[in-house]
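Colleague: Provided herewith is a single structure, encoded as structure tokens, for subsequent inquiry.
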Amino acid sequence: MAIEFTAHTDEARFYSPMADFEEDVVEIEFREDPLTGQQTRVVPQVFPMPEDRPDVSAYVSDDEGCFFCPDMVEEATPEYPDFVDADRNAVGESTSFPNLFPYGKHSNVVVLTEDHFVPIEAFPAERLRDGIANALEYVHDVRAHDSAAYGSINMNILPSSGSSVIHPHLQTVVDDHGTNDTRRRVAAEREFHDEHGRSYWEALLEEERDGNRYVGSTGAVEWLAPFAPIHHWHVAGVTDVTGVPDPDDDVVADIAAGLENVLSYYASLGLNAHNFSIHLNEGEASPVVVDVVARAPFDDGYVSDAFFLQILHDERVVDAAPEAYAPEVAEHF
Ligand SMILES: [Zn+2]
């Protein structure tokens, strides 16, 4: 078998105050990502799930001074350098412009909506599709102008996911450096392709399609809960497209449709924050893949879901195993 799913379980023992100080045993499962070998710990009840569904209506309704609202965006956001045809770019309702606080040589922002806030349970695929298409136009412009082997289109929403601006937006990063994770991923994808003569992702889908981590498909994109999730309730969308898709390619609408489904699943859990990344890396070994994860629900006094293990130990820690939640996600497909 080309793909190996490696896992083992340790037991932690203690005398529990929750059970009259009888011995209690907690199982911690360790899994290795079949592509990169990255380790994930499955730790019961590690996610800071609030008792009540958060009510953020007061926080998200204050649009005073928002740079991304339609009446401010043209005076408060930057204009593109000359290699991009437009000062700012519009696709549907979305508007894009350079990131005022760039993360790399080529870094932009795509404001997704004219509305100041849209909750994840009401995020229509069409708005995501137009925003992703807008970001892809930028990636094409960059690659026509400069060498940039690595690219990604990313999203945060609400402060608990790392977003400092409430107004829904994407962030594109395109350069020749890649991130640590991208470099690891692309190197492993190339190694797999060299060894097996085909893409890891194609082989993975073949392995997973009839299994208990498979979620479903939206057009040509197939979705699954990865064996060793990167973060909580991780769902990955796998395409058979390599390179940078055309903005009006069907795969863009297919990705957006799948994202809408995953976000609707997160909303059904009472969650309100997520991150996603659409990976756009060069080479036949690296098809376009989407990773989407849930983040700690934003509320007054929320607890971050990233602590010393993720930040200082580069360790992946999740609450639920993919086999447990994949069937629940599938109900939204
Ligand atoms: Zn706004």
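Colleague: Out of all the residues in segment 252-305, which are among the aliphatic types (A, V, I, L, M), surrounded by fewer than 22 Cβ atoms within 10 Å (Cβ to Cβ), within 25 Å of residue 131 (Cβ to Cβ) and out of contact with any strand residue (DSSP E or B) (no Cβ under 8 Å at 6 or more places or on another chain)?
Modeller: The answer is 253, 267.
Colleague: Which one of these is in contact (Cβ under 8 Å) with a residue 40 or more places away in the chain and not in a loop (DSSP other than H, G, I, E, B): 31, 13, 53? Spell out the reasoning first.
Modeller: Working: 13 fails: in contact (Cβ under 8 Å) with a residue 40 or more places away in the chain; 53 fails: not in a loop (DSSP other than H, G, I, E, B).
After ruling out the rest, the residue left standing is 31.
Colleague: Hey, another quick one. Count, please, the residues in segment 239-269 that happen to be touching a residue at least 60 places away in the same chain (Cβ under 8 Å), β-branched (Val, Ile, Thr) and under 30 Å from residue 320 (Cβ atoms).
Modeller: 3
Colleague: Go through (1) at pLDDT below 95; (2) more than 16 Å from the ligand (Cβ to nearest atom); (3) among the hydroxyl-bearing types (Ser, Thr, Tyr) for residue 40 and report which single condition fails.
Modeller: So the condition that residue 40 fails would be (1).
Colleague: Considering only residues that are within 9 Å of the ligand (Cβ to nearest atom) and touching a residue at least 24 places away in the same chain (Cβ under 8 Å), look in segment 64-91 and name the one that is nearest to residue 111 (Cα to Cα).
Modeller: 68
Colleague: Of the numbered conditions (1) under 22 Å from residue 108 (Cβ atoms); (2) of a type outside the set (Val, Ile, Thr); (3) more than 16 Å from the chain's Cα centre (by Cα), residue 159 fails exactly one; give the number of that condition.
Modeller: Failing condition for residue 159: (3).
Colleague: Another question, if that's okay. What do you reckon, is residue 40 assigned to a strand (DSSP E or B), polar (S, T, N, Q) and free of Cβ contacts under 8 Å to residues at least 40 places away in the same chain?
Modeller: Criteria not met by residue 40.
Colleague: Here's another thing I want to ask about it. Would you be able to say whether some residue in segment 157-164 is more than 16 Å from the ligand (Cβ to nearest atom), β-branched (Val, Ile, Thr) and surrounded by 22 or more Cβ atoms within 10 Å (Cβ to Cβ)?
Modeller: No: segment 157-164 contains no residue that is more than 16 Å from the ligand (Cβ to nearest atom), β-branched (Val, Ile, Thr) and surrounded by 22 or more Cβ atoms within 10 Å (Cβ to Cβ).
Colleague: Kindly evaluate residue 95 against the criterion of being under 24 Å from residue 126 (Cα atoms) and among the polar types (S, T, N, Q).
Modeller: yes
Colleague: Looking at segment 227-243, which of the residues that are assigned to a loop (DSSP other than H, G, I, E, B) and surrounded by fewer than 22 Cβ atoms within 10 Å (Cβ to Cβ) is farthest from the chain's Cα centre (by Cα)?
Modeller: Filtering segment 227-243 for residues that are assigned to a loop (DSSP other than H, G, I, E, B) and surrounded by fewer than 22 Cβ atoms within 10 Å (Cβ to Cβ), the one farthest from the chain's Cα centre (by Cα) comes out as 243.
Colleague: Quick test for you: out of 117, 47, 97, pick the one residue that is within 20 Å of the chain's Cα centre (by Cα), in contact (Cβ under 8 Å) with a residue 24 or more places away in the chain and within 16 Å of the ligand (Cβ to nearest atom).
Modeller: 117
Colleague: Is it the case that residue 231 is under 26 Å from residue 7 (Cα atoms) and in contact (Cβ under 8 Å) with a residue 40 or more places away in the chain?
Modeller: Taking the combined requirement at face value, the residue satisfies it.
The values are calculated or read from the model by the stated rules, or taken from the named source; none is laboratory data. Because the structure is predicted, anything quoted here is derived from the model rather than measured. For neighbour counting, all protein chains shown are included, and Cβ atoms are generated from backbone atoms with ideal geometry for every residue, glycine included.
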